[in-house]
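To start, the structure under review is shown below, and the notes come after it.
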């Protein structure tokens with residue numbers, strides 16, 4: 001089977017985009033030896049990974065700050081311990097990009113692919129890093145695993161990125177300098193590109209990357225030269241394989257409007273309500289709302305589980321109708337009619353107001369929601385009469 005051509009490039013941030021060598025100077029400025037910077041960062045990653053492997057999570061800044069207090073405990077500092085920790089952690093917001101990043105980002109933008117970041121750290125660090133070089137406008141979203149509830153290289157982190165971008169994992173291409181990140185992404189179904197600036201040897205025990213480059217601009221060249229996968233031929237897809245995402249709709253044979261829907265091993269019925277149809281199943285618009293509602297509930301549930309919030313039950317109520325554009329104060333369209341979907345979220349459980357508000361925001365990140373808001377192209381062909 002031809003591999004899906006990625007449409008979204010996902011960049012790791014720490015060390016992939018940012019040059020972290022300046023962190024050594026932050027240690028020296030508080031009276032600590034420069035070599036502690038590398039040991040501290042490696043331990044920070046280790047503890048973040050350990051939490052993730054055990055099903056837990058903590059923010060990058062919390063782990064980093066607590067570890068710094070341990071690392072600096074016996075060091076004769078030139079500042080008070082809390083001030084020293086604050087000074088070092090603040091260094092992340094002052095880091096600069098690796099020299100190859102600006103050219104590479106602009107070249108990759110030219111491929112027509114969407115660009116996002118996915119960091120085990122804060123999205124704000126990525127924002128300041130890119131804004132300092134006026135590259136933030138090239139990125140559609142700056143994602144953090146803080147919203148995924150799991151650090152990379154856990155599958156949940158990459159699944160979160162796919163959901164946030166409204167695509168399948170196979171449509172993502174991760175770019176990273178860390179082999180552990182490449183391996184985790186590959187196991188989650190992503191395409192991968194290893195940025196090997198130092199001429200290192202890739203570990204044989206990790207899944208090999210799809211691309212290996214020494215500069216970001218090289219990746220743009222490789223992607224431009226790669227053959228695009230052809231649109232799938234509906235007649236060539238095995239309908240018994242639900243992984244293909246094939247939906248087959250055929251008339252019910254009753255002479256009315258009833259339709260039989262096949263999705264892999266699943267069977268559904270669609271119809272029009274009486275008196276137009278015989279009301280043997282939901283209408284096409286009902287199914288659209290059902291897809292949005294199901295996706296909304298699933299996305300909220302996944303997020304709540306990762307955060308370990310006491311969400312007991314989610315209920316999504318939806319209604320679709322058409323309104324005149326002139327009657328819609330929030331719409332960009334000014335003439336004709338627009339489709340209006342009302343969505344009511346009901347969360348059961350001992351949640352505080354901030355948690356409820358955050359879940360409402362997460363609802364908008366469901367892939368179906370994003371699809372409905374994005375440009376959609378429907379490619380239609382007619383099968384041969386002999387098929």
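Computed from the coordinates by the stated procedures, all read-outs in this text should not be read as laboratory data. Just so you know, these numbers come straight off a predicted model, no measurement behind them. So basically every Cβ, Gly included, is an ideal-geometry build from the backbone, and we count neighbours across all protein chains shown.
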Using Cα pairs closer than 8 Å and at least 6 residues apart in sequence, work out the relative contact order for the range 20-94, in percent. 39 percent
Using a Gaussian network model of the chain whose springs link C-alpha atoms within less than 10 Å, name the residue from 374, 18, 65 with the highest mean-square fluctuation. 374
Helix-only CD estimate at 222 nm, as mean residue ellipticity for the chain, using -39500 (n - 2.57) per DSSP H run (n ≥ 4): -11000 deg cm²/dmol
Linear extension gain, residue 285 paired with residue 340, 0.36 nm per residue minus alpha-carbon span: 18.6 nm
Sketch the reach of a paramagnetic label on residue 262 as a point 7 Å from Cα along Cα-to-Cβ, and name the residues of the range 347-387 whose backbone nitrogen lies under 20 Å away. 381-387
Mean Cα-pair separation over length for the chain, i.e. relative contact order, pairs under 8 Å, 6 or more apart, %: 13 percent
Per 0.36 nm of contour for each residue apart, how much would the distance between residue 41 and residue 269 grow if the chain were fully extended, relative to their Cα-Cα spacing? 76.5 nm
GNM, the chain, Cα, under 10 Å: largest mean-square fluctuation among 183, 321, 369? 321
Expressed as an acute angle from 0 to 90° and rounded to the nearest 10, what is the orientation of the C-alpha long axis of helix 353-363 relative to the principal long axis of the chain? 60 degrees
What residue among 214, 111, 262 shows peak mean-square fluctuation when the chain is described by a Gaussian network model with Cα springs under 10 Å? 262
The range 282-301 versus the range 120-137: alpha-carbon centroid distance in Å: 34 Å
What's the angle, to the nearest 10 degrees (0 to 90), between helix 81-90's Cα axis and the longest principal axis of the chain? 50 degrees
Relative contact order of the range 283-373, defined on C-alpha pairs under 8 angstrom at six or more residues apart (%): 36 percent
First measure r as the distance between the Cβ atoms of residue 170 and residue 371, then evaluate 1/(1 + (r/R0)^6) with R0 = 22 Å and state the FRET efficiency to the nearest 0.05. 0.85
Report, in degrees rounded to the nearest 10, the 0 to 90 angle that the Cα long axis of helix 36-53 makes with the longest principal axis of the chain. 30 degrees
